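The values are calculated or read from the model by the stated rules, or taken from the named source; none is laboratory data. Keep in mind that what you see is a predicted model, and the values were worked out from it rather than measured. Cβ sites come from the backbone with ideal geometry, for glycine too, and all protein chains shown count toward neighbours. These accessible areas exclude ligands, DNA and RNA; they are computed on the full protein's heavy atoms, side chains included. Shrake-Rupley method; radii C 1.70, N 1.55, O 1.52, S 1.80 Å.
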Amino acid sequence: THYQTHFQQAEFDCVMQDSKVIGRLYVRRGIEEMRIIDINLLPAYCNQGIGTFLLQQLITEAEAKQLSISAHVEYSNPARRLYARLGFDEIEERGAYIFVVKPVASLNNRQVSNNIKQADNLSSTPI
């Protein structure tokens with residue numbers, strides 16, 4: 001696929017809930033930054049706090065490693081509000097996308113939402 005060709009060092013995981021694939025999470029963990037290549041949930045699983053939970057897990061990992069986190073988000077994607085709420089800055093327009101970054105400096109000052117669903121039955125597994 002496109003992602004596997006262009007991001008060979010990335011991890012390509014399926015998001016699972018109760019042994020059912022409900023989405024995907026592709027992340028490249030570099031030396032200086034963590035890049036969210038793709039995060040996608042099936043429509044039936046959106047707006048339930050799952051995307052927030054996954055991003056919070058990545059933020060926690062980035063904090064521990066002192067890495068910034070970045071992603072490209074489509075203009076019309078409702079997740080833009082989620083990224084903003086979690087402290088990502090919109091850096092620049094790149095074609096159909098907006099490049100967002102949560103710098104290392106802001107990682108220590110993040111605000112964690114108290115209404116995140118941290119279900120024990122939610123996991124990611126390599127494809």
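Could you list, in sequence order, the residues of the stretch 79-103 that are in contact (Cβ under 8 Å) with a residue 24 or more places away in the chain and open to solvent by less than 80 Å² (accessible area, probe 1.4 Å)?
Passing the criteria: Ala79, Leu82, Tyr83, Leu86, Gly87, Ile98, Phe99, Val100, Val101, Lys102, Pro103.
Output the number of residues of the stretch 63-82 satisfying the condition of being closer than 16 Å to Tyr26 by Cβ and either assigned to a helix (DSSP H, G or I) or among the aromatic types (Phe, Trp, Tyr) (or both).
Count: 1.
Somewhere in the stretch 89-102, is a residue of a type in the set (Lys, Arg) and in a helix (DSSP H, G or I)?
no
Exactly one condition in (1) under 13 Å from the mean Cα position of the chain (by Cα); (2) hydrophobic (A, V, I, L, M, F, W, C); (3) over 13 Å from Val100 (Cβ atoms) is false for Cys46; which is it?
(1)
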